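First the structure, in the form of structure tokens, and then the observations on it.
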Amino acid sequence: MSVLTNLFRALAVRVSALATALTALARLAGIAIRALTGGQGTFGSRLAAALLAPGGQVLVFSVLRVFRPNLVIGRSLIKAYENTGTAIVTRHADVQEVLAREADFAVVYEPRMRMITGGSNFFLGMADTPDYTRDVSLMRLAMRREDVSTLVAPFAAAQAERLVAGKDGRIDVPQALSLRVPAKLVGRYFGTPGPTERAMIDWTTTLFWYLFLDLNAAPAVGLRAREAAAALRAYLDETIQARKASEEKHDDVLGRCLALQASGTPGADDTGIRDNLIGLLIGAVPTTSKAACQALDALLDRPEALAGAMAAARADDDAGVAAYVFEALRFAPVNPVIYRRALRETVIARSTLRACTIPEGTMVFAANLSAMFDPLAIEAPDAFRTDRPWEDYILWGEGLHTCFGAHVNRVLIPAILKPLLARPGLRRAAGPLGRIDTGGTPFPVHFVVAYDAEENR
């Protein structure tokens with residue numbers, strides 16, 4: 001009986017997926033018609049903007065998962081890194097397979113990481129080599145798991161509350177909150193505040209853009225990145241030398257790295273410390289801000305979810321706030337795809353009807369956004385639910401190159417948003433100000449929300 005029950009359930013899921021795909025096709029046709037009939041810019045730009053928005057991508061992936069779950073095209077879509085074509089992988093199992101098979105699907109960031117450091121690679125751009133193990137181990141000794149609860153969470157919570165309390169019923173989230181909290185955190189926790197907070201924000205934003213998001217290899221982005229990289233290297237070199245010359249002992253990441261250096265730990269020379277700090281700093285500020293803004297944006301689009309998140313915040317329920325924030329991010333993740341390059345011709349989803357040969361040199365887009373909506377792996381994927389197991393989320397990669405700061409992210413992003421969510425009457429500012437404005441960058445630059453100031457705590 002259980003076999004028949006499971007069979008019928010599996011059939012029902014697949015029929016539902018087909019129905020979802022057909023509905024998505026109809027909605028995509030409506031999007032194309034609206035883009036054709038009006039709005040700012042050209043038809044192509046209007047259509048691209050709609051399809052690249054998280055909601056548009058969810059529709060596209062719904063169609064691909066049913067009709068072409070693994071799609072290989074001969075054209076290269078990424079110019080920043082060498083490749084011979086593109087593959088799009090949409091099913092949850094296949095996305096996980098690509099990210100797990102490090103020997104077949106490799107990270108590509110090494111050339112640009114070497115430009116940023118002025119010579120060396122960073123472990124995010126390394127294969128599973130002895131250098132990777134050495135550098136990751138070094139930084140895990142300096143960034144301890146217990147720091148998340150003892151330092152990161154209370155510091156971020158206090159800073160976020162202070163920044164929100166300084167406003168009066170209206171706040172530009174990235175400029176006044178979501179960029180500033182992680183920038184302050186890297187100053188306190190890493191020991192690298194920058195010559196100014198603004199300089200650290202600008203350097204890390206530019207370098208993340210160049211390393212991960214400048215897919216068309218725009219000359220202007222490359223120029224800005226070279227200038228930012230040189231400035232950040234010089235600042236960190238000076239900071240390391242000044243800390244050593246002072247002989248002061250600080251219990252921060254830099255101080256711990258220097259203690260490891262003094263004990264003769266491999267990889268903890270001045271340049272090694274600097275380069276590892278560069279890699280971590282790049283990932284610490286702009287992506288945290290973007291995640292906070294996109295989670296808040298997704299909540300504001302869902303009144304019931306927003307009310308639940310606000311209730312959790314006002315009840316001082318950190319776990320509840322986090323559950324709402326990360327479910328919101330499932331609908332609008334910072335990175336909807338994770339890209340890897342095939343080191344050799346290989347097959348994914350072997351022994352299935354969707355088995356697909358990936359040619360050597362192909363850039364593979366492992367669509368984690370799609371994977372988080374795959375009904376074959378995720379229960380009721382279109383529903384907003386806060387009781388999902390953490391394994392349902394692919395927000396910061398998987399496998400060898402899972403984001404190094406994933407554990408920090410799990411407390412930092414909710415901590416940034418909690419004081420806002422605790423304010424009564426939280427809502428978008430009227431008009432365009434209440435929508436995320438990227439200012440021509442890949443990151444939220446302005447996003448204004450309002451709340452009832454008279455009840456401000």
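The values are calculated or read from the model by the stated rules, or taken from the named source; none is laboratory data. Since the structure is predicted, the reported quantities are computational estimates derived from the model, not experimental observations. Please note: Cβ atoms are built from the backbone with ideal geometry, for glycine as well, and neighbour counts cover all protein chains shown.
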**OP:** Check 186, 221, 253 and return the single one that is surrounded by 21 or more Cβ atoms within 10 Å (Cβ to Cβ) and under 23 Å from residue 438 (Cβ atoms).
**Re:** 186
Original post:
Within the stretch 32-64, which residues are crowded, with 19+ Cβ neighbours inside 10 Å and either over 23 Å from residue 294 (Cβ atoms) or touching a Lys or Arg at 6+ places or on another chain (Cβ under 6 Å) (or both)?
Top reply: 35, 59
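The rows are residues; the columns are (1) touching a Leu at 6+ places or on another chain (Cβ under 8 Å); (2) closer than 17 Å to residue 426 by Cα; (3) touching a residue at least 40 places away in the same chain (Cβ under 8 Å).
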| residue | (1), (2), (3) |
| --- | --- |
| 295 | yes, yes, yes |
| 300 | yes, yes, yes |
| 304 | no, yes, yes |
| 310 | yes, yes, yes |
| 318 | no, no, yes |
| 324 | yes, yes, yes |
| 327 | no, no, yes |
**OP:** Scan the stretch 246-266 and give yes if some residue there is in a helix (DSSP H, G or I), touching a helix residue (DSSP H, G or I) at 6+ places or on another chain (Cβ under 7 Å) and of a type in the set (Ser, Thr, Tyr), otherwise no.
**Re:** no
Original post:
Among 145, 140, which is free of Cβ contacts under 8 Å to residues at least 40 places away in the same chain and surrounded by fewer than 19 Cβ atoms within 10 Å (Cβ to Cβ)?
Top reply: 140
**OP:** Give the residue, chosen from 400, 433, 395, that is within 13 Å of the chain's Cα centre (by Cα) and closer than 30 Å to residue 218 by Cα.
**Re:** 395
Original post:
Can you name every residue in the stretch 286-300 that is closer than 18 Å to residue 395 by Cβ and more than 14 Å from the chain's Cα centre (by Cα)?
Top reply: 296, 297, 298, 299
**OP:** Report yes if residue 160 is crowded, with 22+ Cβ neighbours inside 10 Å and in a helix (DSSP H, G or I), otherwise no.
**Re:** yes
**OP:** Could you identify the single residue in 444, 414, 419 that is part of a loop (DSSP other than H, G, I, E, B), within 24 Å of residue 322 (Cα to Cα) and either at pLDDT 95 or above or in contact with a strand residue (DSSP E or B) (Cβ under 7 Å, 6 or more places away or on another chain) (or both)?
**Re:** 444
**OP:** Being on the phi > 0 side of the Ramachandran plot and either surrounded by fewer than 19 Cβ atoms within 10 Å (Cβ to Cβ) or in contact with a Cys (Cβ under 8 Å, 6 or more places away or on another chain) (or both) is the filter here, so list the residues in the stretch 189-218 that pass it.
**Re:** 217
Original post:
How many residues does the stretch 72-118 contain that are free of Cβ contacts under 8 Å to residues at least 24 places away in the same chain and farther than 16 Å from residue 343 by Cα?
Top reply: 4
